[in-house]
1. Please state which one of Ala10, Ala33, Ala41, Ala52 is open to solvent by 40 Å² or more (accessible area, probe 1.4 Å) and more than 19 Å from Leu65 (Cβ to Cβ).
2. Quick test of your reading of the structure: Met1 fulfils all but one of (1) among the aliphatic types (A, V, I, L, M); (2) surrounded by 14 or more Cβ atoms within 10 Å (Cβ to Cβ); (3) assigned to a loop (DSSP other than H, G, I, E, B). Name the failing condition by number.
3. Does the stretch 206-217 contain any residue that is part of a strand (DSSP E or B), more than 20 Å from Asp91 (Cβ to Cβ) and among the aromatic types (Phe, Trp, Tyr)?
4. Here are some conditions: (1) modelled with pLDDT under 90; (2) touching a strand residue (DSSP E or B) at 6+ places or on another chain (Cβ under 8 Å); (3) surrounded by fewer than 18 Cβ atoms within 10 Å (Cβ to Cβ). Ala125 meets all but one. Which one does it not meet?
5. So, in the stretch 95-119, of the ones that are in a strand (DSSP E or B) and either open to solvent by 70 Å² or more (accessible area, probe 1.4 Å) or over 16 Å from Arg215 (Cα atoms) (or both), which residue ends up modelled with the lowest pLDDT?
Amino acid sequence: MSGGQRQRVAVARALAMKAEVLLMDEPLSNLDALLRLEMRAELKRLLAEVNATTIYVTHDQIEALSMGDRVAVMKDGVLQQVDHPSVVYEDPSNEFVGGFIGNPPMNFIDGVVSHAEGRVAIELAGQKLAIGSTVTALEPFEGKAIRLGIRAENMETLQSPVSDALRVRVEVVEPLGAQNLLTVTLLSEGSTAQPMKVSTHPTFGAAAGEELWIRFPLRQIRWVDPETQQMLSSE
């Protein structure tokens, strides 16, 4: 039998034992992409039927998010976060989890916090991002460095300038079928260019070297303390 066939037989033998606890260490790793997709759904259905507690080890993020009722992310043997897959993805506990989970991983951009007339603004690569209202978690960072985290699919890409958007330059366009993945940089004189990954609809027209504007919805922003790398409250 092939490696993939032997692996499927091993899974079947484990399920046939009707154990109360199962440990699976990358059970789908030797399967080709299409068969792996089919087996992932089938295995999830079977595990629900046998009703056994299953500890499932995988380096495949999609597999972890789709298979798990709860996902544990580890770094150097230390648990970083344990929660429902959607929580780990949307609200990572720290910068490591945000940068590890997701394809592409969460963008992180260095900035400085400022307040004026009760309103918060973040200076990013020399450009001002107006937050529009006081964010309690940012108050201790007045005049200090902060790191903004946001997912590629959570930014709004515009072809015309608007007051609450930042100007970027497109470096690379990757058509991926269901989406276009853009690599862009925030540019400003005297500041280091900061690259970001932005997901757009496949019909959105963009070309390398073109200037676009990116809007950051406040509810999608995650704030990171640069010293501790821990996420701050979004309120």
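The values are calculated or read from the model by the stated rules, or taken from the named source; none is laboratory data. In this text the structure is predicted, and so the values were computed from the model without any measurement. Neighbour counts are summed over all protein chains in view; Cβ atoms, including those assigned to glycine, are modelled from backbone coordinates with ideal geometry. Each accessible area value is taken on the protein alone, full model and side chains, heavy atoms only, with ligands, DNA and RNA left out. Shrake-Rupley method; radii C 1.70, N 1.55, O 1.52, S 1.80 Å.
1. Within the list Ala10, Ala33, Ala41, Ala52, the selection yields Ala10.
2. Of (1) among the aliphatic types (A, V, I, L, M); (2) surrounded by 14 or more Cβ atoms within 10 Å (Cβ to Cβ); (3) assigned to a loop (DSSP other than H, G, I, E, B), only one is false for Met1: (2).
3. Looking for residues that are part of a strand (DSSP E or B), more than 20 Å from Asp91 (Cβ to Cβ) and among the aromatic types (Phe, Trp, Tyr), one finds at least one in the stretch 206-217, hence yes.
4. Here Ala125 clears every test but (3).
5. Within the stretch 95-119, the first condition is being in a strand (DSSP E or B), and the residues that meet it are 107-116, 119.
Among the residues that remain, those that are also either open to solvent by 70 Å² or more (accessible area, probe 1.4 Å) or over 16 Å from Arg215 (Cα atoms) (or both) are: 110, 112-116, 119.
Details: Asp110: 92, Val112: 92, Val113: 91, Ser114: 86, His115: 75, Ala116: 65, Arg119: 76.
Checked the stretch 95-119; the qualifying residue modelled with the lowest pLDDT is Ala116.
Here is a yes/no grid of residues against (1) at negative phi; (2) part of a strand (DSSP E or B); (3) loosely packed, with under 13 Cβ neighbours inside 10 Å; (4) aliphatic (A, V, I, L, M):
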| site | (1), (2), (3), (4) |
| --- | --- |
| Leu148 | yes, yes, no, yes |
| Ser160 | yes, no, yes, no |
| Thr185 | yes, yes, no, no |
| Met196 | yes, yes, no, yes |
